[in-house]
Amino acid sequence: MTGLANASTLYVGSTQPYKTIQDAVNAAKDGDTIKVQTGVYNENVIIRGKNVILQGVKYPKVYGFETYGGTADISGFSVTKNGIVYHDAGGSNTIRNNKISKIGIRISGTACSGNIIINNLLTNCGISLYDSWGNTITGNKISKATTGIYLGDGAQCKTISNNAISNCGTGIVKGDTTTSIKNNKYSKNKINLK
């Protein structure tokens, strides 16, 4: 997501102007950056119809993020319960450098295409795409998931590369796409590629 000329930065934390991530999201305007200080935020953050950037400082813990009809670049969070989910959101989101332990990353809807999913650590969960095109999935470490990377109906990626997938039921389910799948490392999966 590209920033807008009048974009602001909103700060979240125990000593910051916003005490919850949701309050900062509600106050944000298109193009704003929300910087979240380290800490525990027992909230599932909902983003509706806004285009924002969320940046964690030292991996603050949050239940999860859900985006509807807008865009959200999300980086630097420890996501503990509900994953990072995009429902018919806008496209070209970047999901980078997050630690995710449940639900994983889920993207659905043709409007939510052209996303970059890079350098995330996913444990006990994976990445799932449906009806989303032109995505890039690279540099992620995925372990102990039923499926590491799943391309469902209508999903397509430019590339799935340089991911490390281990101890999963299936490493990658590619569906019927022409996605370029290369240079991934597989270890101790029941099936690597299906």
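Of note:
- Reachable aspartates and glutamates, given that their alpha-carbon falls under 14 Å from the alpha-carbon of Lys194 and they are not under 8 places away in the same chain: Asp176
- Listed pairs Lys99/Lys158; Lys19/Lys50; Lys81/Lys190; Lys50/Lys141 exceeding 31 Å between Cα atoms: none
- An ellipsoid equivalent to region 35-194, defined through the eigenvalues of its Cα gyration tensor, has semi-axes of 24, 18, 12 Å when rounded to whole angstrom and sorted largest first.
- Magnitude of the charge dipole, region 40-140, Cβ model with Lys/Arg +1 and Asp/Glu -1, debye to 20: 340
- The label point for Tyr11 and the one for Thr38, both projected 7 Å from the Cα toward the Cβ, are 1.7 nm apart.
- Gyration tensor (alpha-carbon) shape descriptor, region 1-130, a/c threshold 1.5: oblate
- Under a model in which nothing but the beta-carbon of Lys, Arg (+1) and Asp, Glu (-1) is charged, the chain shows a dipole of about 820 debye around its Cα centre.
- By accessible area, using a 1.4 Å probe on protein heavy atoms only, region 1-135 has 49% of its surface on carbon and sulfur.
- Contact order normalised by residue count of the chain, Cα under 8 Å, 6+ apart, percent: 11
- Anisotropy class of region 27-67 from Cα gyration tensor, a/c 1.5 cut: oblate
- Length released on extending from Arg48 to Lys185, taking residue separation times 0.36 nm less the Cα-Cα span: 45.7 nm
- Residues of the chain: accessible area per residue with a 1.4 Å probe, Å²: 46
The values are calculated or read from the model by the stated rules, or taken from the named source; none is laboratory data. Source: prediction; values computed, not measured. Counting neighbours? That spans all protein chains shown, and the Cβs are built from the backbone with ideal geometry, glycine included. Areas reflect the complete protein model, heavy atoms only, side chains present, ligands, DNA and RNA absent. Shrake-Rupley method; radii C 1.70, N 1.55, O 1.52, S 1.80 Å.
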